[in-house]
Amino acid sequence: MKRFNFVIALLPLTLMTGCITSTIRGKQAELCSHLAVLNTSISVFKRVSSASTSTVSSLKQAEEQVSVAFRDFRGTAKDSLQEAKDEELEKDYKNLEKAYEDLDKEVKNIPDKSTIMQAIASTSDNVAAVESAVTQMKSGLRCP
């Protein structure tokens, strides 16, 4: 009888642990999904910047898609990362946030009269920094 009571007492704890683990996995999957969208928008930005027929205006439009993807990721990440209390992930997030903000600022500062080659030259380091930060964040989250 004591064994039965012990099992009954552990059952809610086991179920609760399963729910918490499921919730964490769900948030991780959501973060990974947002990172994939961000990565795709960066790829589009790079394709636009490498097309010989592109304009600075089209580059800025492509960067706007990066901004939307980052805002979606940020909305999910802030709460999730605070709950996880993982210093390394928070550091990765701050690096990604800074890299994104630097890219955003650089693109917004490109004069409309610039050539696409000038725009590419001024943003290439920023794009590489965002890509690197996304890769680091995906690694920390163990995204597929």
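What follows draws every value from the coordinates through simple rules; no lab data is involved. Owing to the predicted nature of the structure, the values given are computational and were not obtained by experimental measurement. Because the Cβ atoms are built from the backbone with ideal geometry, glycine has one as well, and the counts that use them run over all protein chains shown.
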Length released on extending from residue 72 to residue 52, taking residue separation times 0.36 nm less the Cα-Cα span: 4.2 nm
Putting +1 on Lys and Arg Cβ atoms and -1 on Asp and Glu Cβ atoms, find which of 114, 89, 99 reaches farthest to the positive end of the dipole of segment 76-125. 114
Taking other Cβ within 10 Å of each residue's Cβ, how do 48, 130 sort, fewest first? 48, 130
Distance (nanometres) between label positions extended 7 Å along Cα→Cβ at residue 102 and residue 61: 2.9
Using the beta-carbon distance between residue 128 and residue 28 and R0 = 41 Å, what value does 1/(1 + (r/R0)^6) give for FRET efficiency, to the nearest 0.05? 0.95
The simple spin-label model distance between residue 86 and residue 36, using points 7 Å out along Cα→Cβ, in nm, is 1.8
